[in-house]
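Step one of this worksheet: look at the structure below.
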Amino acid sequence: MKLPKLESLIITVFFLCIGLWAISKCASKRSQLGSTTPDPVENTGEGVEASDLSTTTPDGGLPKLQNQPLPVAEPAPVATQPPATKTTPPGTIPKLTNEPQEAPAKTAAPAETYSSLFVTINGLKMRKEPNLKAAVVTRLKLDEEVFFLNEKSEKPEEINLGYETVTEYWVKVRTKSGKEGWVFGAGVHYYKMKRKGVME
């Protein structure tokens, strides 16, 4: 029962010895370093001599140098690169830099697309204005293709076609030959067909 206590006592004494040895080593190393540092005021033959230092200052601060001009550091040379020059192929005249640059070419606006319509009444009258009293521009044949110019009359109109009465808007169209005018909306359609109820 006494053996474990003895072992723990031996281990404790061992660690205490190691700790004391380490402390003494550190103290001796510190004293060696302190003795090898040079005296900052020692005259080394270069720089400021000890006689140039004032022993006291009015404000109790660090001593100042006397009669010694302050060294002026020369600015380091700045490396400059020559301006980049654009090489031009032989036989061409280079442009001056202060000339206004050419504006980018304007792209043409996409042409407006128009819907195709087909005439549903043979001999449909195309007029200058959207009403029955306006002058006739031309007569259109059945199934003739025209282009809707995205315009219509402000109000729909009621017109008797012979066998039926239809209320529709007038629409502005253009023929393939380039003639433009107004036709009654019941006389054109998106598909080829013949309108029934029209007196021929």
task: Could you pull out every residue, at least 5 positions away or on a different chain, whose amide H is within less than 5 Å of the one on Y169? Hs are placed 1.01 Å off N in the peptide plane, and Pro or chain starts have none.
output: E157, G185
task: Rank P130, P156, T167 by how far each Cα sits towards the positive end of the charge dipole of segment 115-189 (+1 on Lys, Arg Cβ; -1 on Asp, Glu Cβ) and give me just the farthest.
output: P130
Ordering of 178-188, 115-125, 16-26, 145-155 by packing [mean C-beta count within 10 Å, highest first]: 178-188, 115-125, 145-155, 16-26
message: Distance cut-off 18 Å, Cα to Cα: go down the list K125/K172; K172/K196; K172/K194; K125/K152 and report the pairs above it.
response: K172/K196; K172/K194
message: If amide hydrogens are placed 1.01 Å from N in the peptide plane, which non-local residues have theirs closer than 5 Å to the one on G181?
response: V173
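Bear in mind that the values in this text are calculations on the coordinates, not laboratory data. Predicted, not measured: the structure shown is a model, and the values here were computed from it. Note that each Cβ is placed from the backbone with ideal geometry, even for glycine, and that neighbours are counted across all protein chains shown.
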